[in-house]
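**Q** Handing you a structure now.
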Amino acid sequence: MERSKFIGREEEMARLKGLLSARVASLVVVRGRRRIGKSRLLAEFGKEMRSLFLSGIPPTGETTAATQRKEFVQQLEQAGIPGINPDDWGNIFWLLSKVISKGRILIVFDEISWMGSKDPDFLGKLKTAWDMYFSKNPQLILVLCGSISSWIEENILSSTGFMGRIAIDLVLEELPLSVCNAFWYPHPQRISGYEKFKILSITGGVPLYLERIKPELSAEQNIRDLCFIRGGLLVREFEEIFTDLFSRKNASYREIVASLANGPKTLQQICTKLKKTVAGAYSGYLDDLVKAGFVQRDFTWSIDNAKVGKLSRYRLSDNYLRFYLKYIAPNRAKIERGDFANIALSSLSAWEIVMGLQFENLVAHNRKTLLGLIGLSPEEVIMDGPFFQNPTTRKPGCQVDYLIQTRFNTLYLCEVKFSKNTIGQQVIKEMEEKIKRLKVPRLCSIRPILIHVNGVEEDVVDSRYFDKIIDFSQLLA
């Protein structure tokens, strides 16, 4: 497989191709984190038909509804559709409909929130245009695409105006590890899983970041090029994410993600750290970050009845953001001066601890694969995820990296370990302590699982303490 070829997204592509057999026009929403590959997926899909991509422009203090309309019309002119006056969205959509009234055609409105956020009439006129003009072509596929999922959810998916009109709501997530392996073409088998995981602990399964990997270079060299050399993609990426996506409120969003860099926190803990009130706007900001794909909200649950509890913690689920906050941001001045070009990664503060948190994210992002490796089908699982038990007067606190509860009264306690060394006997003591602290119903069985990436000492295997020892690097073999 050539590195320039489109990689992964088979399920998403299959859903889109299913629209080709529809006998009516299709209105589609595609959303997900910046750089996750939304436009690339749609471009690949659009190769089978006439395609037209139109994008909003990033909002600034000077951006107005008029400048967005003007940019839209300029893009139409560049696509060979001249003569449209940018005075009104209704007029623009009506004239556009005249040239797309027949035949198989894909139209993509990219960064839809930028396009319409400055004009309160934009969505109403788009809905009218869909009902009266666009939908009259039964072979038309119109995609509303964007990175600000909270805006899309609030203004389109939850809007009565678009109710019943959305054929597919496609949320793009990180690529699974088995797909990520292809980015080490042409010799992925020559690179160890441990080395690949060092890069993935920074990039996650984000396609655009993975496309920048140079397989002929070591993980350390790739990381230096991306993160520690002036002008590197991941040196400037953080600023672009928060400037483009969160505009004027980006300082508040930055504060939140920074508060999560060292580990998960409750809403109360976040607000306490930031000296904000729990009843303030920060709960909404956290919800935006969750929908944008940067933060995950993990709810605890009652093992007794498998019901989700009220307690939850927010976890920085995006590996790049944590790496930036821990290592790039504090050293930005040195990077700009060229003083970090030859840094030894192992010399970075708390490197092993941070890599452990990153590896836990990768395991959580690949939960379907994890279930398969344990031998469970999704139908058997009633609850799963990172689990915590708050201390009370009757029970101590407890935290499980990943807990799986099945309908057959079995608890799979997964200990996730990322280390440059093989895992020794200490991991058994750690698991024993967690089991001791965990409040387990009498009828439940406990099955300890060890997940690692760089080997386990023989005495750990010989002890037969763990029901299953999973080498996650096999996903990158």
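**Q** Would you mind ranking Asp318, Asp88 by Cβ crowding within 10 Å, fewest neighbours first?
**A** Lowest to highest Cβ neighbour count: Asp88, Asp318.
**Q** Under a crude label model (7 Å from the Cα following the beta-carbon direction), how far is Glu255 from Ala66 in nanometres?
**A** Distance between label points: 3.5 nm.
**Q** So what is the relative contact order for the stretch 179-349, in percent, with contacts set as C-alpha pairs under 8 Å and at least six apart?
**A** Value for the stretch 179-349: 24 percent.
**Q** Another question, then. With a cap of 16 neighbouring Cβ atoms within 10 Å, and only residues DSSP puts in a loop, list the trypsin sites (Lys or Arg not before Pro) found in the stretch 383-417.
**A** Within the stretch 383-417, the qualifying trypsin sites (Lys or Arg not before Pro) (loop, at most 16 other Cβ atoms within 10 Å) are Arg394, Arg407.
**Q** May I ask you to list the GluC sites (Glu not before Pro) in the stretch 1-82 that are in a DSSP loop and have at most 12 other Cβ atoms within 10 Å of their Cβ?
**A** Answer by residue number: Glu2, Glu48, Glu62.
**Q** Among bridges DSSP assigns within the chain, what percent are antiparallel (round to 5)?
**A** 35 percent
**Q** Using the Cα gyration tensor of the stretch 10-172, with a ≥ b ≥ c the square roots of its eigenvalues, what is the shape: rounded (a/c below 1.5), prolate (a/b larger than b/c) or oblate (neither)?
**A** Here the stretch 10-172 falls in the rounded category.
**Q** So how far apart, in nm, are the two label points at Lys17 and Gln474 if each is 7 Å from Cα heading toward Cβ?
**A** Distance between label points: 3.0 nm.
**Q** Continuing with the same structure: Calculate how many DSSP beta bridges within the stretch 366-476 are antiparallel, expressed in % of all such bridges and rounded to the nearest 5.
**A** Taking every DSSP beta bridge within the stretch 366-476, about 50 percent pair in antiparallel fashion.
**Q** What percent does the relative contact order of the stretch 72-183 come to when contacts are Cα pairs within less than 8 Å and at least six residues apart?
**A** Rounded, it is 26 percent for the stretch 72-183.
**Q** Relative contact order, percent, of the chain when contacts are C-alpha pairs under 8 Å separated by at least 6 residues?
**A** Relative contact order comes out at 14 percent.
**Q** Taking other Cβ within 10 Å of each residue's Cβ, how do Ile191, Ile446 sort, fewest first?
**A** Ile446, Ile191
**Q** Give the calculated FRET efficiency between Leu345 and Lys214 to the nearest 0.05, with a Förster radius of 25 Å applied to their Cβ-Cβ distance.
**A** 0.95
**Q** Based only on other Cβ atoms within 10 Å, what is the fewest-to-most ordering of Thr406, Thr393?
**A** Final ranking by Cβ density, sparse to dense: Thr393, Thr406.
**Q** Please list, by residue number, everything in the stretch 379-420 whose backbone N is under 19 Å from a paramagnetic label point 7 Å out along Cα→Cβ of Ser445.
**A** 379-384, 403-415
**Q** From the square roots a ≥ b ≥ c of the eigenvalues of the alpha-carbon gyration tensor of the stretch 366-476, which class results: rounded (a/c under 1.5), prolate (a/b over b/c), or oblate?
**A** oblate
**Q** Is the shape of the stretch 389-441 rounded, prolate or oblate, going by the alpha carbon gyration tensor and its root eigenvalues a ≥ b ≥ c, with a/c under 1.5 for rounded and a/b larger than b/c for prolate?
**A** oblate
**Q** Go ahead and collect, in residue order, the members of the stretch 430-460 whose backbone nitrogen is under 11 Å from a label point 7 Å along the Cα-Cβ direction of Leu311.
**A** So the set is 439.
**Q** Here is a follow-up. Can you give the calculated 222 nm mean residue ellipticity of the chain, where each DSSP H run of n ≥ 4 adds -39,500 (n - 2.57) and the sum is split over every residue, rounded to the nearest 500 deg cm²/dmol?
**A** Computed ellipticity for the chain at 222 nm equals -10500 deg cm²/dmol.
**Q** Label Gln221 and Ser283 with points 7 Å out from Cα along Cα→Cβ: what is the distance between them in nm?
**A** 5.2 nm
Coordinate-derived values only; no laboratory data. Here the structure is a predicted model, which means the values were calculated and not measured. Quick reminder, even Gly has a Cβ in these numbers, built from the backbone with ideal geometry, and neighbours come from all protein chains shown.
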